[in-house]
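This report concerns only the one structure given below.
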Amino acid sequence: MEVAILVLTFVILIGLGMPIAWCIGISATVTMLFSIPSLPALTTVAQQTASGLDSFSLLAIPFFILAGQIMNQGGIARRLIAFARSLVGGLPGGLAHVNIIAAMLFGAIAGSAAAAASAIGETVGKAMEKEGYSKEFSAAVNITSSTTGLIIPPSNILIVYSLASGGVSIAALFLAGYVPGLLTGFLLMIVAAIVAKRKGYTTRGKTSLGEIGRTFIGALPSLLLLVIVIGGIVAGVFTATEASAAAVLYCLILSFVYGEVKVSDLPQVFLNAVGTTSIVMILIATSISMSWIMAFENIPQDITSFLLATSDNPIVIMIIINLILLFVGVFMDMTPAVLIFTPIFLPVAVQIGIDPVHFGIIMILNLCIGLCTPPVGAVLFVGVGVAGTTIQKVVRPLLPFFVAMLVALLIVTLVPGLSTWLPAQFGF
C-alpha cells in the first residue's frame, strides 16, 4: 500500500506540473503519514530532509557551481573554443567538432552540463549558423555534447553519487569518468561527421601548427585548473571540497587577469551561483528523505530480491537496470534520480559482481541521456533556448546523437575496464 501511495502521489504531482523537489518532498511526507502517526511522520521527514544536507562533501557542490559561474563570464569558454577550433576545425563538419571538444573541455572544468550548453552554444552556435549549419543540427550537437562534462571530472553529480552510495571514493569516481567521457565525445564526433558530410556542411582549411600552439597557450591557464583540481585530489593534497574552493580562487584570479570580470560583476555572479545551488540543495534534501522512506518500507531489498530472482546473468540484470534508469531519466532530474535509485540498484550491482565505481559511471552516463529529452530535460531546454529554435524541430536531429550515447552506454556497461582501469593505476 505504501509503495502504491508513494508512486501514485509522485506521478500525480508531476502531472500537475509541480516542481520536482516539491513532488519528491510531498509524496514522501504523504507516504509517511500512511505508515506511522502524524507527529512522528512529520518529524522524521523534517529530520531526514535537514540531515541530508549535513555532509562536508556536499560543500564541494556550491563551490564548483560558483567556479562555473565565474568561468561563464571570465573569457574561459572563448579561449577553449579557439583552441578546439585549431585542433578539429578542418574536419568534416568542423564547427560541430569544435562544439563537442569545447563542451568536453568546458564541462570538465565547470562540472555543469547546463553551463557548458549555455557558454559554448552561445558562441559556437552563432558561428555555425553563419557558415550554413542549421539551427537544429547545431542545437543537437550542443545539447548532447554538453553532458560529457558530467562524466569527465570534476563533476558535481559524481559527488552526489558518492554520497548516495555510502562513501565510494570521489577521487576514484573522478578518475573513472575520463575514458567513458572521452569515448562518448568521440562517438558524438563520428555522428557529427557523418551528418555533416551528408548535408554538405562547409569544412575549414587545415590549421597551422603555429595557430594550434598560439591557441593552446591562450587556453593553457584554463586547462591547468584540471591539473590543480584532479591532480590535487589524486595526490592527496586536498579533498574534493578543498579542491572546489581552490577552483573558485583560481577561476577568480584568472578572470581578473583576463580582465573580463570586474569587482562590480561579482554580486551578480554570486547571486546566480546561489540560485543554482539552492535548486540543487533542495533536490538533495527532499531526495534524501524519500530514500530514507523507501529504505523504511524495505523497497530496495524487495527490488534486489526481484531482480536477482529474474535472472542470474549479470548482463541481463544490468540491461534491465539500464532500461529502468533510461525511463526514469526521461521524467526525473539527475540529482534526485541518483539519490533515490542508487540505494536501490547499487546493492543489486554489487551482488552480481559490479564494482561500485563502475556502476556509478554507468548510472551517470545513463541519466545524461535524460537531460537531453523532454519533458524535464534541463540541458535540452537550455540548448534550444540558446539556439533560438523549438523542441519539436530539434528532436529529429537529436536522434542520431541519442544512438551514439546509447552505444557509449552499452560499451561502458559491457567493458568494466573502461571505468576501472585508470583508478586502478592510482591505487583505487
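Summary table
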| quantity | calculated |
| --- | --- |
| Karplus (6.51, -1.76, 1.60) ³J(HN,Hα), θ = phi - 60°, over segment 174-191, in Hz, Gly and Pro reported as x | 4, 5, 5, x, 4, 5, x, x, 5, 4, 4, x, 5, 5, 5, 5, 4, 4 |
| Principal axis box of segment 71-188, alpha-carbon based, largest edge first, Å | 50, 29, 24 |
| Nearest 10 degrees, 0 to 90: helix 38-51 Cα axis against the chain principal axis | 30 degrees |
| Assigned charges on the beta-carbon of Lys, Arg, Asp, Glu; segment 114-243 dipole about Cα centre (debye) | 540 debye |
| The chain: relative contact order as a whole-number percent, Cα under 8 Å and 6+ apart | 25 percent |
| Derived scalar couplings ³J(HN,Hα) [segment 215-231; Karplus, 6.51 cos²θ - 1.76 cosθ + 1.60; whole Hz; x for Gly, Pro] | 5, 5, 4, x, 8, 4, x, 5, 5, 5, 4, 4, 5, 5, 6, 5, x |
| Highest to lowest packing among 17-25, 297-305, scored as the average C-beta count within 10 Å | 17-25, 297-305 |
| Built amide H within the under 5 Å cut-off of Phe238, gap 5+ | Ile233 |
| Three-way shape call for segment 29-81 based on the alpha-carbon gyration tensor, with the a/c threshold at 1.5 | prolate |
| Candidates Leu163, Leu371, Leu105, ranked by Gaussian network fluctuation over the chain, Cα under 10 Å, top entry | Leu163 |
| Mean projection area, nm², convex hull over Cα of segment 188-323 | 16.1 nm² |
| Lysines whose Cα lies under 26 Å from that of Lys393, excluding same-chain neighbours fewer than 8 positions away | Lys126, Lys130, Lys135, Lys197, Lys199 |
| Angle in degrees between helix 334-351 and the longest Cα principal axis of the chain, rounded to the nearest 10 | 70 degrees |
| Cα shape, segment 1-97, gyration tensor, a/c 1.5 rule | prolate |
| Signed unit charges on C-beta, dipole axis of the chain, positive-most listed residue Leu326, Leu158, Ile101 | Ile101 |
| Structure-based [θ]222 nm, the chain - -39500 (n - 2.57) summed over DSSP H runs of at least 4, per residue, nearest 500 | -25500 deg cm²/dmol |
| Karplus-derived 3J(HN,Hα), 6.51/-1.76/1.60, for each residue of segment 143-154, Hz, glycine and proline x | 4, 6, 5, 5, 6, 5, x, 7, 9, 6, x, x |
| Using alpha-carbon coordinates, inclination of helix 356-370 to the longest axis of the chain, degrees | 70 degrees |
| Rounded if a/c under 1.5, otherwise prolate or oblate - segment 279-414, Cα gyration tensor axes | oblate |
| Calculated diffusion of the chain, Stokes-Einstein form, Kirkwood radius summed over Cα pairs, 20 °C and 1.002 mPa s, µm²/s | 97 µm²/s |
| Whole-number accessible area per residue in Å² for the chain, which is evaluated in the context of all protein chains at 1.4 Å | 41 Å² |
| Computed magnitude of the charge dipole of the chain (debye, nearest 20; Cβ of K, R +1, Cβ of D, E -1) | 1620 debye |
| Accessible area of the chain belonging to carbon and sulfur atoms, whole % at 1.4 Å probe | 71 percent |
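The values are calculated or read from the model by the stated rules, or taken from the named source; none is laboratory data. This structure is a prediction, so every number in the text was calculated from the model and none was measured. Neighbour counts run over all protein chains shown; Cβ positions are idealised from the backbone, glycine included. Areas reflect the complete protein model, heavy atoms only, side chains present, ligands, DNA and RNA absent. Shrake-Rupley method; radii C 1.70, N 1.55, O 1.52, S 1.80 Å.
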